[in-house]
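Bear in mind that the values in this text are calculations on the coordinates, not laboratory data. Values in this document were obtained by computation on a predicted structure and should not be read as measured data. Neighbour counts run over all protein chains shown; Cβ positions are idealised from the backbone, glycine included.
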Amino acid sequence: MRVLLASSWWAEFWEAFKEELGKIKFFDVGKIGEEIRHGIMQWKGSFTLGGQKFLITDAIIVMWIAVFLGGLLFIWLGHRRDRLPGARQSLMEALISLMLGLCKDYGLSDEQAEKTVPMIGTIGIVLISCNTFSIFKLPPPAKNIAFPFAMAFFAIIYVAVTAIRFVGFKGFAASFVDPKGFMLPFKIIDFFIKPLSLALRLFGNVFGAFILMEFVGIVIPLFLPGVLSLWFDLFDGILQAVVFCYLTTSYIGEIVESAHVSEERKEEKRRELEAKQKEKEAEAAKVEAA
């Protein structure tokens, strides 16, 4: 009896599955442009507080949800510190060691690296949370051009403040004329191009992945979107966060290294002048003795 019931249920299920499968158009290219445009356009709303009207978009809502959930995840991963670390503690210690090593590779001392890692890690958590949230079929905040530019602006301000903290304002200024004074205008232009590069790289990759997934979801809605989502929504989102943090760290390291090199050149010139002065004094002493 159970065998008959199971076979009957399976037959009914298979017939229903084939019927639903037949309704799916694997290459439905009807109004694909309009549907992608609808996916690209951000939702906008507003609320009134204290008589003042505030604009709110889907990027803001998704960003705060993603950051909140991502923060909880990383707190859960790293809140325990045991003598015999478990898997979660080992993972967080490995990530922190990796970031410390990255800072040291760019010329930062152990103390400077320890001061830099918390903020770089925070930027990484925010970007990973926001970039990978699209796996839940929600628009990633970086799809809105304002989000990448805000992150890049914050990053370059942090770079400047941290560099001044490590090498002082004179060292920061000296990095703009290293190795020669004529480099000043080019270094200034480069300093303003860096946040633009950070923003456009983040926006272009996330927006491009979002468009591709929207296209695949419309044209081939069965199986393929789930497979591609593992890369474009998950791994690519993590990769873009890593690249953003990597470049931010490299910018700090460049300024610190240039300041140190400039200071070493000044010290070397000072020693050369002292050596020449001593030689002149020795020659003068010989002349007087003669």
Separation in nanometres of the label points that stand 7 Å from Cα toward Cβ, at LEU73 and LEU212: 2.0
- line: With GLN89 itself left out, Lys, Arg at +1 and Asp, Glu at -1 over residues whose Cβ is under 11 Å from its Cβ give +2
query: Nearest 20 debye, what's the magnitude of the dipole of segment 43-284 about its Cα centre given +1 on Lys and Arg Cβ and -1 on Asp and Glu Cβ?
result: 580
- line: The correct pair for segment 43-284, radius of gyration to one decimal and Dmax as a whole number, both in Å and from Cα atoms, is 23.4, 92
- prompt: Taking 0.36 nm per intervening residue step and subtracting the Cα-Cα distance, what contour gain separates TYR246 from THR122 on full extension?
  reply: 43.3 nm
statement: Taking 0.36 nm per residue of separation between LYS278 and GLN89 and subtracting their Cα-Cα distance, the length gained on full extension comes to 62.1 nm
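With a cap of 16 neighbouring Cβ atoms within 10 Å, and only residues DSSP puts in a loop, list the trypsin sites (Lys or Arg not before Pro) found in segment 62-115.
ARG80, ARG81, ARG83
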message: Taking R0 as 30 Å, what FRET efficiency do you get between GLN52 and ILE145 from their Cβ-Cβ distance, rounded to the nearest 0.05?
response: 0.75
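Work out the length of the dipole vector of segment 77-143 about its Cα centre, built from +1 on the beta-carbon of each Lys and Arg and -1 on the beta-carbon of each Asp and Glu, and round it to the nearest 20 debye.
380
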task: Starting at the first residue of segment 77-93, write each ³J(HN,Hα) from the Karplus equation 6.51 cos²θ - 1.76 cosθ + 1.60 with θ = phi - 60°, in whole Hz, x for Gly and Pro.
output: 6, x, 7, 9, 10, 10, 5, 9, x, x, 5, 5, 5, 4, 5, 5, 5
